[in-house]
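The values are calculated or read from the model by the stated rules, or taken from the named source; none is laboratory data. This is a predicted model, so every value here is computed, not measured. For neighbour counting, all protein chains shown are included, and Cβ atoms are generated from backbone atoms with ideal geometry for every residue, glycine included.
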Amino acid sequence: MFQPKYTITSALLSNIKRITELVTELNGKHFPNVVLFDFEKKAREVSAHSSTSIEGNPLPLTEVKRLLKNAPEHIRDSEREVLNYNNALVYLNDLLKKKNISFGLDIIIEIQKMVTDGLVGKFHSGKIRQEPVFVNNPKTRQTVYFPPDHQDIIKLMDELIGYVNNNKNKVDPLILAGIFHKQFVIIHPFIDGNGRTTRLATKILLFNMGLDTFNLFSFENYYNNNVTKYFQNVGLLGNYYDLKDEVDFTSWLEYFTGGVIDELLRVGGELNKVKIEPENKLQPYHQEILNYIKKNGFIKDGDYAKITKRVRPTRYLDFKKLISLDLIERNGKGKNSYYIFRNKEEG
């Protein structure tokens with residue numbers, strides 16, 4: 001039975017208290033949907049860049065932004081890795097918004113399948129590993145950690161998930177999320193994609209913090225700012241079976257909660273700088289377009305003409321503004337043109 005060792009130190013308690021204060025403060029503020037949409041888009045860009053960069057992806061943030069806006073027809077593995085991570089973020093954000101998610105092995109496997117799609121063989125994508133693995137130091141190429149045998153993976157994952165789900169109302173969600181993150185890395189249940197998968201799965205647990213605008217944050221960004229420190233805190237050195245009974249999560253939990261504070265302060269500061277300018281506000285007629293797409297999946301100019309008194313040139317400007325804000329995109333040509341949510345997201 002998995003029973004993690006950790007101590008509620010004064011530093012950890014202080015971090016949890018500070019996070020609660022910041023979350024309460026942020027939840028008390030209200031911003032136009034268009035501002036929140038822009039921050040969500042930026043958060044996905046930073047997350048997709050940071051989480052893949054941690055694993056050695058060479059693409060800079062500027063290239064990631066370009067890629068997510070207009071993905072080329074033929075892509076390299078480094079680009080596919082970023083696109084996969086972004087797709088998984090969109091998928092999870094949608095499930096979390098709809099509160100249609102159950103935390104278990106099925107969703108974890110689905111996440112790993114999404115982040116490794118097209119990057120590993122079909123027997124390793126969306127599959128618990130069936131062979132031994134080892135972790136190398138990326139600089140020296142020497143093996144520094146031997147994870148548990150593959151025969152033990154299902155049992156270890158069941159115990160970890162069981163611990164998380166059985167303690168939802170007993171242990172602070174920040175502590176649960178942190179314990180899950182580190183123990184997942186220790187178990188190393190997949191051949192590839194373990195780091196990206198655990199960071200995405202941890203997001204599900206962090207959502208339970210009660211932060212209404214959770215999808216505006218990129219907790220991966222904190223780790224990417226000092227990758228060496230992240231690996232020193234999250235991983236183990238040696239053989240799992242020699243270390244498993246001695247693992248203490250305390251220092252990792254202090255580091256983990258410190259990262260949450262860092263990101264809350266960063267994004268909170270950015271939100272405080274936002275000035276609600278007229279060009280950032282959506283008018284009722286813009287919302288009619290978005291509501292129509294939400295109900296019907298798409299809208300044509302002819303559809304819009306039936307629900308508004310605005311003349312054709314003005315209707316064109318309405319669509320143009322929503323496109324410029326990355327809320328919708330245009331498909332088709334001429335009379336066959338129609339508009340849908342960009343990236344299949346709701347406005």
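Tabulated values for the structure
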read-out: Subset of segment 148-180 [modelled with pLDDT of 95 or more, outside any helix (DSSP H, G or I) and crowded, with 19+ Cβ neighbours inside 10 Å]; value: Pro148
read-out: Those residues of segment 218-251 which are over 20 Å from His49 (Cα atoms) and charged (D, E, K, R), in sequence order; value: Asp242, Lys244, Asp245, Glu246, Asp248
read-out: Any pair with Cβ under 8 angstrom, 6 or more apart, that starts in segment 74-93 at a residue that is aliphatic (A, V, I, L, M) and ends at one that is assigned to a loop (DSSP other than H, G, I, E, B); value: Val82/Asn57; Val82/Leu59; Leu83/Ala71; Leu83/Ile75; Val90/Glu345; Leu92/Ile101
read-out: Scope segment 1-36; condition in contact (Cβ under 8 Å) with a residue 60 or more places away in the chain, closer than 23 Å to Glu270 by Cβ and in a loop (DSSP other than H, G, I, E, B); matching residues; value: Lys29, Phe31, Pro32
read-out: Filter pass, Ala71 being farther than 20 Å from Tyr255 by Cα, of a type in the set (A, V, I, L, M, F, W, C) and part of a loop (DSSP other than H, G, I, E, B); value: yes
read-out: Selection count, segment 301-322, where residues are without any contact (Cβ under 8 Å) to a residue 12 or more places away in the chain and among the aliphatic types (A, V, I, L, M); value: 3
read-out: Cβ-Cβ under 9 Å pairs, at least 6 apart or on other chains, segment 104-133 side in the same structural domain as Lys203 (by TED's automatic domain parsing), far side assigned to a helix (DSSP H, G or I) and among the acidic types (Asp, Glu); value: Leu105/Asp158; Val115/Glu81; Thr116/Glu81; Gly118/Asp77; Leu119/Asp77; Leu119/Glu81; Gly126/Glu110
read-out: Test set (1) part of a helix (DSSP H, G or I); (2) at pLDDT below 90; (3) among the aliphatic types (A, V, I, L, M) - Ile101 fails condition number; value: (1)
read-out: Helices (runs of 4 or more DSSP H) completely within segment 243-339 that count 1 or more residues being in contact with a helix residue (DSSP H, G or I) (Cβ under 9 Å, 6 or more places away or on another chain), among the small types (Gly, Ala, Ser) and modelled with pLDDT of 90 or more; value: 250-272, 301-307
read-out: Selection count, segment 181-194, where residues are buried (at least 20 other Cβ atoms within 10 Å of the Cβ) and assigned to a loop (DSSP other than H, G, I, E, B); value: 5
read-out: Residue count for segment 37-61, restricted to those that are surrounded by fewer than 17 Cβ atoms within 10 Å (Cβ to Cβ) and part of a helix (DSSP H, G or I); value: 2
read-out: Any pair with Cβ under 8 angstrom, 6 or more apart, that starts in segment 238-255 at a residue that is in the same structural domain as Val135 (by TED's automatic domain parsing) and ends at one that is in a loop (DSSP other than H, G, I, E, B) and aromatic (Phe, Trp, Tyr); value: Asp248/Tyr6; Phe249/Tyr6; Thr250/Tyr6; Leu253/Tyr6
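Condition check ((1) assigned by TED's automatic domain parsing to the domain that holds Gln232; (2) modelled with pLDDT under 85; (3) among the acidic types (Asp, Glu); (4) under 21 Å from Gln112 (Cα atoms)) across all residues:
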site: Leu36; (1), (2), (3), (4): yes, yes, no, no
site: Ala43; (1), (2), (3), (4): yes, no, no, yes
site: Ser47; (1), (2), (3), (4): yes, no, no, yes
site: Ser50; (1), (2), (3), (4): yes, no, no, yes
site: Gly56; (1), (2), (3), (4): yes, no, no, yes
site: Leu61; (1), (2), (3), (4): yes, no, no, no
site: Val64; (1), (2), (3), (4): yes, no, no, yes
site: Lys69; (1), (2), (3), (4): yes, no, no, no
site: Asp77; (1), (2), (3), (4): yes, no, yes, yes
